[in-house]
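This report refers to the structure that appears directly beneath it.
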Amino acid sequence: MRLSRAAYFADFVVYPPVIATLLTTALQPASPMCWKKAVVCVAGGLVVWTFIEYIAHRFFLHELPYLADIHEAHHDDPRGFVGTPTWLSLALIGGGALLPLWWKAGLGPASALTAGIASGYLWYVGVHHIVHHWRIEPDTYLHSLNRRHALHHHAPIPCNFGVTTRFWDWIFGTSFASADRPCRSEEVR
């Protein structure tokens, strides 16, 4: 959805203290979590985020009628301030991750896992902004992500749904390197 400049950049202001609070909560003396378990939970949350990113981008933003129409605005104007409002992403991460995990695993692990998911989301919005708005030096990690994402926008088939990683595209056969090397599955939807 089209956002004001302030709303577009709000994630970069709101998410760091949210993540810090989640990590502080995970490591409170009342929580039985130690640093090692917290690190494993945060890393697990980052991995979970990459899967959420792929599924949300491939199916929700390209398949569901209302969301696909909103996402098409980004494809039509990649440099525009189009994104998810911070309040909505926080509600989805809090309601979809923190609360159910807290109920099942306790506050410490839920906070650490959610911190990983929220960190992954922040990395995603940062990378996505960079690939559309910055000049990126060739032969860098960000340049390779930029190239993959540009192919997502302009390839002849739907592909490259992962913005921060190509792993899930590779697993599900939706990776597209160039016109010379199409994805494994030509029936990608």
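Read the figures in this text as sums done on the coordinates, not as results from a lab. Fair warning: this is a prediction, and the values are worked out from it, not measured in the lab. Here Cβ is always computed from backbone atoms with ideal geometry, including for glycine, and neighbour counts include all displayed protein chains.
Brief remarks follow.
- Range in the chain, longest, excluding exposed GluC sites (Glu not before Pro) [loop by DSSP; at most 11 other beta-carbon atoms within 10 Å]: 1-185
- Helix 35-55 and the long axis of the chain differ in direction by around 30°, with both axes built from C-alpha atoms.
- PHE60 paired with VAL40, simple spin-label distance in nm, labels 7 Å along Cα-to-beta-carbon: 2.9
- FRET efficiency estimate (nearest 0.05) - Cβ-Cβ, HIS133 to VAL14, R0 25 angstrom: 0.80
- Label point 7 Å beyond Cα of ILE70 along Cβ direction - residues of segment 129-159 with amide nitrogen under 13 Å: none
- Here, P(r) means the percent of Cα pairs in each 5 Å bin from 0 to the largest distance; for segment 5-137 it is 2, 10, 18, 22, 18, 13, 9, 5, 3, 0.
- Those trypsin sites (Lys or Arg not before Pro) in segment 34-138 that DSSP places in a loop and that have at most 12 other beta carbons within 10 Å: ARG79, ARG135
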